[in-house]
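Notes to accompany the following structure.
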Amino acid sequence: MIPLLVETRPKNRSRRRPEKRNIKPVSPKNQRVDAASLASALQLQEQRRELVYSLIALAMKFGLLLIGTTSLVKLGISSHQRVGSYTELSSVLHVESIKLNRLQERFDRFFTIGGERRLMDENDQWIAPNRIRVIWR
């Protein structure tokens, strides 16, 4: 035979009365202390709330300042890069403009009096008719 482990309630169910608590009447002096302590607690709670709000506002201002500062730094860097590339392009344009002016003057000289002779003098390696040009490398 296997014993069963079951908890049983006592069969004697008597109803108990709820215990009475000793409630003392509050004197006017105690009420003032309670009102003062309540006001003090409310004031401290309000100060803590204002401190938390102030810290949140400070953190938001710091975040906005950080975002603004990084934006200005990025803008400065990109502006510096653009000025550098503009300077480089400007110098290349100046050099190429000088080359173009020289070539235009040379081209114009070919169409003046005696230009054909100058063209023939500059190009002394004319290929004779019925010849093949060989380029050695």
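What follows is calculated from the coordinates using simple rules that are stated; it is not laboratory data. Fair warning: this is a prediction, and the values are worked out from it, not measured in the lab. Every residue, glycine among them, receives a Cβ derived from its backbone with ideal geometry; neighbour counts consider all protein chains shown.
The magnitude of the dipole of region 53-115, with charges of +1 and -1 set on the Cβ of Lys/Arg and Asp/Glu and taken from the Cα centre, is near 100 debye.
Projecting the Cα atoms of Ser71, Val83, Leu44 onto the dipole axis of region 32-115, where Lys and Arg carry +1 and Asp and Glu carry -1 at the beta carbon, places Val83 farthest toward the positive end.
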